[in-house]
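Undergrad: Mind looking over this structure? Questions follow.
The values are calculated or read from the model by the stated rules, or taken from the named source; none is laboratory data. Bear in mind that the values here come from a model prediction, so they are computed numbers and not experimental data. In this analysis, Cβ positions are derived from the backbone assuming ideal geometry, glycine residues included, and neighbour counts consider all displayed protein chains. Areas reflect the complete protein model, heavy atoms only, side chains present, ligands, DNA and RNA absent. Shrake-Rupley method; radii C 1.70, N 1.55, O 1.52, S 1.80 Å.
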Amino acid sequence: MVLSLLSRWLLGQSAPDSTTAQSTIDAATLVAERGARSLTDIFTSQVPGLLVVPASGVNGMGSRIRLRGVLSLVADRAPVVLVDGMRIDAAEDAFSPGPPPNPYVFGNPYPGPVPPGPLRLDDLNPDDIESIDVLPGAAAAAIYGPGAQAGVILIHSKRGRPGPPRWEGYVQGGVSSEAGHWPANFGGVDSTNLNPRFQHGGCTLWVETRGLCRQDFVQQFNPLEQRNPFRTALRRQYGISVSGGSARGDYRLAGTFAGDAGPYSSGVTSPDPNYYRRLNGRASGRFRPLSTVELGVNVGRVSSDLRLPPDIGQQVGVFGPSDSAGFDWGPIFRLHTTQAVERWLGAVEARWSPVSWIAVRGLAGWDALDQHDAALRPYSPTDPSPTGSLVEGKRATRHRSLTLAASATPVFSATVHSATTIGVEHLRDALNQRSSASRDTGTGFADLSSVAPLWEQRHSLGYYVDERLELGGRLVLRGVVRHDTFKEENRGATYPSFTATWVAHTAADSARLSRLAVRAAWGSAGPRPFEGMPLVFVPIGTAVPHIDPERTTSTELGVDAALLGGRVSAQVTYYTMRSHVFRVTTPPFSYEIDYNSGTIRNRGIEATLTGKVLTAPRAGWDVTLSLWGNQNRLVKIDWSPIGFGQQRAVLGYPVGGYWASSIRSFADVNRDGIIAPYEVALGPAVWAGTPYPTQGAMLTSEWSLVGSLRASLTLDYRAGQRLFNAAAFDRCLSGTCQAAVDPRTPLAEQARAVLSGPTADYFEDADYLKLREISLSYSPPPKLAAALRARSATITLAGRDLATWTGYSGGDPESGSYGIIVTGRPRLIADDGSLPVPHSWTLRLQLAY
């Protein structure tokens with residue numbers, strides 16, 4: 001048993017480790033029977049403590065994937081991702097140009113933030129993936145080297161199997177639709193005022209108290225509902241694969257095309273500003289020239305073209321006009337934002353077993369990504385901001401890895417099994433990035449300016465020893481030590497981990513308690529030194545002091561049990577992690593390191609309960625309930641609180657939590673029915689909550705009937721977080737919310753709207769419950785499949801994100817809580833009016849020959 005598990009690990013296909021809280025996702029089933037269309041769909045609502053947060057409902061936007069809370073003050077790090085043992089680029093926000101100025105803001109066009117982009121992990125085709133292992137913390141993941149403190153995701157691709165060629169093909173179509181509720185834009189009109197701004201809705205209550213205008217009436221306009229730009233978007237995907245082999249080797253070839261339309265109607269804009277096309281190809285094979293030698297190759301190519309639209313939820317829903325006269329979608333959609341990606345991934349591996357208890361493995365892998373971004377805003381004489389612009393960015397990354405490992409599994413006795421692995425891993429990463437901008441005055445692009453190109457290369461060399469000892473089938477001990485050296489930083493780090501599992505009770509399968517096992521684990525891991533920082537600044541002539549890299553130390557205790565003859569299984573894990581970090585300060589013209597340290601603590605619990613409610617011969621009903629909770633605290637800090645905007649790091653509170661002033665009192669002193677800023681008294685900044693969920697639950701119910709009909713339903717719950725409704729604040733600040741314009745608004749709402757900074761009232765409870773998924777899958781009898789000349793067939797209908805129950809007043813607390821990255825700071829999370837995650841339905845027909 002130990003030999004088979006170790007051999008699988010040596011081939012880059014890690015088996016679940018019973019000594020840690022590792023979780024395994026059956027990706028192949030989620031795709032074929034539950035309609036998952038991307039890696040994001042596969043991860044969502046599958047593992048307790050694994051958060052998948054979508055950027056918005058725009059087609060092609062990425063997601064943020066996180067495990068077990070915030071671990072750093074200087075970077076927002078995602079888990080390390082390996083495909084068949086090879087590290088890959090799983091970058092988030094993979095887009096650079098920003099949106100154009102907003103033509104509907106009077107006087108001072110609003111440039112808007114740089115939008116999030118795709119998640120590079122979604123470049124992979126889910127139909128090529130067999131299973132995924134999720135290692136949630138340092139105790140389980142230390143062996144995987146730099147970045148493992150944030151967790152590790154191990155993706156195992158499909159391989160060929162011995163036998164004649166097996167052909168599989170599928171066709172998949174779907175629809176998605178926006179389901180947001182949009183507030184109206186309000187404006188006060190002074191029709192006789194000489195200032196055009198006040199004639200068209202700019203006469204707010206505050207401006208009226210200053211005597212600059214006098215309202216004749218209040219108007220309102222809701223462009224996203226009265227001039228609805230949305231449509232039902234169509235999605236399509238086709239794929240084909242063939243696999244086979246013999247005792248000497250096997251192979252698999254696959255190709256997929258996917259084309260997804262965006263949510264915007266052709267009556268509003270043409271061509272489609274949100275089209276996403278992807279081509280995937282993959283070839284893998286293994287060859288066994290000798291019984292002791294195996295050679296393998298796995299190569300994939302990805303090509304994609306994406307068009308991203310402007311953020312109309314913010315530009316029109318927040319800063320839009322209050323008058324429908326002259327409103328036109330054309331200026332909004334004149335931005336042409338595109339991204340083209342060409343990517344090659346691959347690995348070559350070899351395995352040699354000179355004797356039955358020794359195995360040697362080598363792997364060379366690569367991930368070459370070339371990305372071209374462009375944002376074009378054409379010149380138009382009728383545009384209030386007539387200057388056109390073109391922003392271009394090119395980014396090329398190269399990730400290479402070379403791994404050599406040898407293992408020995410000597411047999412000491414029938415009750416003692418040992419497995420020892422010694423390995424070395426060389427990682428080489430390169431980045432080449434450049435961007436340029438030019439301006440169009442109507443006669444072509446000119447005034448070319450460019451940003452100095454960014455080029456960097458990083459090398460690291462890691463050595464590790466992994467010892468696993470199994471005693472009497474009851475006790476399993478494992479120890480790992482890994483040391484990494486980083487060439488460019490001239491630093492090194494050693495990360496140990498120890499795990500143990502004791503099977504406290506075993507009995508017959510029919511017993512009430514058939515198995516009880518207790519787990520314990522301790523380990524540490526960390527990122528590459530200074531990772532996530534833009535620049536290490538040290539004055540000229542000053543020696544670079546020694547700085548220990550960030551480090552996360554994790555301790556876990558867990559219990560696994562099988563009950564009622566195996567009909568019920570339970571897993572509970574308690575963890576506590578401490579991340580030791582250094583401070584980053586941002587002087588006006590440079591970044592530097594302050595060498596004082598701090599400590600972030602994350603502690604929590606994860607539990608999964610699976611039960612077979614019905615196990616009849618022709619029917620089955622399985623239920624899985626997952627629960628998790630996380631408490632994040634800054635428990636040590638050697639400097640004053642730091643923050644950016646409304647988010648700060650304060651001793652004793654969650655990292656990146658909200659702080660805002662509260663309204664202590666207000667009064668209409670002059671009795672004019674309008675609250676002015678000087679009539680509001682503010683209190684000190686108070687704790688307004690954390691934007692990160694602190695608890696959650698997932699309930700999945702699966703039914704089967706007659707062995708051919710399967711159905712499932714998944715509910716997803718998140719709680720404990722609050723969300724800054726920046727869209728509501730910005731609307732009041734720009735004078736388009738009702739409280740800033742309408743004198744009939746209650747005075748308490750006027751007091752909040754008249755202030756130039758957000759008060760605690762704008763930080764809302766963002767708990768939610770989502771109907772995440774419904775699916776129905778049918779496999780017709782072989783005779784019916786034969787009518788299509790197929791060996792078997794599967795028809796799947798699946799719906800995702802069909803309903804949301806929440807008290808949050810914005811569009812969607814999930815998409816609004818994605819946030820943006822500011823280097824050297826906690827992630828800035830605010831709902832700026834982004835499109836909600838759409839409802840979607842998918843119909844899939846899969847045939848096997």
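Undergrad: Take Lys783 and Leu705, extend 7 Å from each Cα along the Cα→Cβ direction, and tell me the distance between the two endpoints in nm.
TA: About 2.1 nm separates the two model spin labels.
Undergrad: At a probe size of 1.4 Å, how large is the accessible area of Glu489, to the nearest 10 Å²?
TA: Surface accessible to solvent at Glu489 totals approximately 30 Å².
Undergrad: If Lys and Arg each add +1 and Asp and Glu each add -1, what is the summed charge of the other residues whose beta carbon sits under 9 Å from the beta carbon of Ile600?
TA: Net of charged neighbours comes to +4.
Undergrad: What nm distance separates the two modelled labels at Trp352 and Leu564, each placed 7 Å from Cα along Cα→Cβ?
TA: 5.4 nm
Undergrad: Out of residues 5 or more away from Gly151 or on other chains, whose amide H comes under 5 Å of its own, with H placed 1.01 Å from N in the peptide plane?
TA: Result for Gly151 returns Val80.
Undergrad: About its Cα centre, how strong a charge dipole does the chain have in debye, to the nearest 20, once Lys and Arg get +1 and Asp and Glu get -1 at the Cβ?
TA: Roughly 2480 debye, rounded to the nearest 20.
Undergrad: Something else now. Please report the accessible area of Trp206 (heavy atoms, 1.4 Å probe, ligands and nucleic acids excluded) in Å², nearest 10.
TA: Its heavy atoms expose roughly 90 Å² to the probe.
Undergrad: Ser324 to His181: FRET efficiency via 1/(1 + (r/R0)^6), r the Cβ-Cβ distance, R0 22 Å, to the nearest 0.05?
TA: Step by step, r from the Cβ atoms, then E = 0.70.
Undergrad: Could you give the dipole magnitude of the range 314-432 about its Cα centre, charging the beta-carbon of Lys and Arg +1 and that of Asp and Glu -1, in debye to the nearest 20?
TA: The calculation lands at about 520 debye.
Undergrad: Continuing with the same structure: Sort Phe319, Phe498 from largest to smallest accessible area, using a 1.4 Å probe on the heavy atoms of the protein chains.
TA: Phe498, Phe319
Undergrad: Right, something else. Considering only C-alpha atoms, what is the centroid distance from the range 294-325 to the range 708-777, in Å?
TA: 23 Å
Undergrad: With a sphere of radius 13 Å drawn around the Cβ of Val623, what net charge do the other residues whose Cβ falls strictly inside it have (Lys, Arg +1; Asp, Glu -1)?
TA: Taking every other residue near Val623 into account, the sum is 0.
Undergrad: Per-residue HN-Hα couplings for the range 756-769, Karplus 6.51 cos²θ - 1.76 cosθ + 1.60 at θ = phi - 60°, whole Hz, x for Gly and Pro?
TA: With the stated coefficients, the range 756-769 comes to 7, x, x, 9, 4, 5, 7, 9, 9, 4, 10, 5, 7, 10 Hz.
Undergrad: Just how much of Phe186 is accessible, in Å², when a 1.4 Å probe is used and the result is rounded to the nearest 10?
TA: The accessible area comes out at roughly 30 Å².
Undergrad: How much length, in nm to one decimal, is gained on full extension between Ser413 and Arg618, taken as 0.36 nm per residue of separation minus their Cα-Cα distance?
TA: So the extension gain works out to 69.3 nm.
Undergrad: Expected output is a single nm value to one decimal: the length gained when fully extending between Leu609 and Leu279, i.e. 0.36 nm times separation in residues minus the C-alpha distance. What is it?
TA: Stretched out fully, the Leu609 to Leu279 stretch lengthens by 114.9 nm.
Undergrad: Quick one: Karplus J couplings for the range 200-208, per residue in order, coefficients 6.51, -1.76, 1.60, θ = phi - 60°, nearest Hz, x for Gly and Pro?
TA: 10, x, x, 8, 7, 4, 5, 5, 5
Undergrad: Could you tell me which of Gly160, Leu135, Asn193 has its Cα farthest along the dipole of the range 133-195 towards the positive end, charges placed at Cβ (Lys, Arg +1; Asp, Glu -1), taken about the Cα centre?
TA: Working it through, the farthest residue towards the positive pole turns out to be Gly160.
Undergrad: Another question, if that's okay. At 0.36 nm per residue, minus the direct Cα-Cα distance, what do Glu130 and Arg210 gain on full extension? Give it in nm, one decimal, please.
TA: Extra length available between Glu130 and Arg210 comes to 22.1 nm.
Undergrad: Using a 1.4 Å probe on the protein chains only, how many percent of the accessible area of the chain belongs to carbon and sulfur?
TA: 60 percent
Undergrad: What does the charge add up to near Pro677, with Lys and Arg as +1, Asp and Glu as -1, over the other residues with Cβ less than 15 Å from its Cβ?
TA: -2
Undergrad: Please express the shape of the chain as an equivalent ellipsoid: the semi-axes are the square roots of 5 times the eigenvalues of the C-alpha gyration tensor, given largest first in whole angstrom.
TA: Gyration-tensor ellipsoid for the chain: 48, 31, 28 Å.
Undergrad: For the chain, with every protein chain kept in place, what is the accessible area per residue (1.4 Å probe, Å²)?
TA: Roughly 42 Å² per residue, with all protein chains present.
Undergrad: To the nearest 0.05, how large is the calculated FRET efficiency for His483 and His372 if R₀ is 35 Å and r is the Cβ-Cβ distance?
TA: According to the calculation, E is roughly 0.35.
Undergrad: Sticking with this structure for a sec: Sticking with the crude label model, points 7 Å out along Cα→Cβ, report the distance from Ala748 to Val503 in nm, one decimal please.
TA: Each label point is offset 7 Å from its Cα along the Cβ direction, giving 6.2 nm.
Undergrad: Lys/Arg Cβ at +1, Asp/Glu Cβ at -1, dipole of the chain taken about the Cα centre: which of Ala233, Phe217, Ala848 is farthest positive-ward?
TA: Ala848
Undergrad: Continuing with the same structure: Express the relative contact order of the range 621-771 as a whole percentage, based on alpha carbon pairs under 8 Å and six or more residues apart in sequence.
TA: Reported relative contact order: 24 percent.
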